[in-house]
Amino acid sequence: MSPERIAELQNRPIDLSDIPEVTHEQAKEFYPRSLRKEFQLIYNLFDKENLIWLEQNGIMNRGIINTALEKLRKGTLKLA
(Lines give C-alpha, C1' and ligand atoms only; values in the text may rest on other atoms or scores of the structure.)
Protein backbone atom coordinates (compact mmCIF):
# COMPACT_ATOMS: atom_id res chain seq x y z
CA MET A 1 0.00 0.00 0.00
CA SER A 2 1.35 3.39 -0.96
CA PRO A 3 2.18 6.04 1.67
CA GLU A 4 -0.45 8.29 0.07
CA ARG A 5 -3.15 5.63 0.45
CA ILE A 6 -2.14 5.00 4.07
CA ALA A 7 -2.32 8.74 4.80
CA GLU A 8 -5.74 8.93 3.10
CA LEU A 9 -7.09 6.06 5.21
CA GLN A 10 -5.64 7.50 8.42
CA ASN A 11 -7.27 10.88 7.82
CA ARG A 12 -10.68 9.47 6.87
CA PRO A 13 -13.16 9.38 9.78
CA ILE A 14 -14.50 5.98 10.72
CA ASP A 15 -18.27 5.71 10.35
CA LEU A 16 -19.64 3.71 13.27
CA SER A 17 -23.27 4.71 12.73
CA ASP A 18 -24.31 1.27 11.47
CA ILE A 19 -23.00 -0.53 14.56
CA PRO A 20 -25.77 -1.23 17.09
CA GLU A 21 -25.46 -0.05 20.67
CA VAL A 22 -24.24 -2.74 23.09
CA THR A 23 -25.55 -2.80 26.63
CA HIS A 24 -23.32 -3.52 29.61
CA GLU A 25 -24.98 -6.92 30.02
CA GLN A 26 -24.31 -7.79 26.36
CA ALA A 27 -20.69 -6.63 26.61
CA LYS A 28 -20.10 -8.91 29.61
CA GLU A 29 -20.94 -11.87 27.37
CA PHE A 30 -18.05 -11.00 25.02
CA TYR A 31 -15.52 -11.78 27.75
CA PRO A 32 -14.95 -15.55 27.94
CA ARG A 33 -16.42 -17.04 31.09
CA SER A 34 -13.31 -19.17 31.55
CA LEU A 35 -11.22 -16.01 32.02
CA ARG A 36 -13.55 -14.31 34.49
CA LYS A 37 -12.60 -14.34 38.14
CA GLU A 38 -15.17 -14.58 40.86
CA PHE A 39 -15.08 -11.66 43.27
CA GLN A 40 -16.30 -11.43 46.83
CA LEU A 41 -17.35 -8.00 48.01
CA ILE A 42 -15.58 -7.03 51.24
CA TYR A 43 -15.09 -3.88 53.20
CA ASN A 44 -11.74 -2.97 54.66
CA LEU A 45 -10.44 -0.19 56.85
CA PHE A 46 -7.10 1.40 56.03
CA ASP A 47 -4.88 3.52 58.25
CA LYS A 48 -5.29 7.15 57.23
CA GLU A 49 -1.65 7.45 56.15
CA ASN A 50 -1.88 4.29 54.03
CA LEU A 51 -5.13 5.43 52.43
CA ILE A 52 -3.61 8.80 51.53
CA TRP A 53 -0.55 7.04 50.05
CA LEU A 54 -2.74 4.66 48.01
CA GLU A 55 -4.83 7.53 46.64
CA GLN A 56 -1.78 9.72 45.85
CA ASN A 57 -0.14 6.86 43.95
CA GLY A 58 -3.29 5.93 42.02
CA ILE A 59 -3.48 2.52 43.65
CA MET A 60 -7.11 2.70 44.80
CA ASN A 61 -8.00 0.23 42.10
CA ARG A 62 -9.36 -3.28 42.67
CA GLY A 63 -7.16 -4.79 39.97
CA ILE A 64 -3.92 -3.33 41.29
CA ILE A 65 -4.66 -4.29 44.89
CA ASN A 66 -5.72 -7.82 43.85
CA THR A 67 -2.54 -8.25 41.78
CA ALA A 68 -0.37 -7.19 44.72
CA LEU A 69 -2.20 -9.55 47.09
CA GLU A 70 -1.88 -12.41 44.59
CA LYS A 71 1.89 -11.79 44.28
CA LEU A 72 2.21 -11.76 48.06
CA ARG A 73 0.27 -15.02 48.27
CA LYS A 74 2.40 -16.68 45.58
CA GLY A 75 5.64 -15.41 47.11
CA THR A 76 6.69 -13.30 44.14
CA LEU A 77 6.33 -10.10 46.13
CA LYS A 78 8.06 -9.88 49.49
CA LEU A 79 7.09 -7.68 52.40
CA ALA A 80 9.79 -5.34 53.62
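The values are calculated or read from the model by the stated rules, or taken from the named source; none is laboratory data. The structure presented is a predicted model; accordingly, all values stated were derived computationally and were not measured. We place every Cβ from the backbone using ideal geometry, glycine too, and count neighbours over all the protein chains shown. Note: areas computed on protein heavy atoms with side chains; ligands, DNA, RNA excluded. Shrake-Rupley method; radii C 1.70, N 1.55, O 1.52, S 1.80 Å.
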- Message: Apply the a/c threshold of 1.5 to the C-alpha gyration tensor of the chain and tell me whether it is rounded, prolate or oblate.
- Response: prolate
- Task: State which stretch of the chain is the longest one without any exposed trypsin sites (Lys or Arg not before Pro), exposure meaning a DSSP loop state and at most 14 other Cβ atoms within 10 Å.
- Result: 38-77
- Query: Can you list the GluC sites (Glu not before Pro) in segment 1-58 that are in a DSSP coil and have 10 or fewer other beta carbons within 10 angstrom?
  - Reply: GLU21, GLU38
- Task: Specify the residue with the greatest mean-square fluctuation among ASN61, ASN50, ASN11, computed from a Gaussian network of the chain linking alpha-carbon atoms under 10 Å apart.
- Result: ASN11
- Message: Given Cβ point charges of +1 (Lys, Arg) and -1 (Asp, Glu) and nothing else, what value in debye, to the nearest 20, does the dipole of the chain about its Cα centre take?
- Response: 660 debye
- Area of PHE46 that stays accessible when all protein chains are in place (1.4 Å probe, Å², to 10): 90 Å²
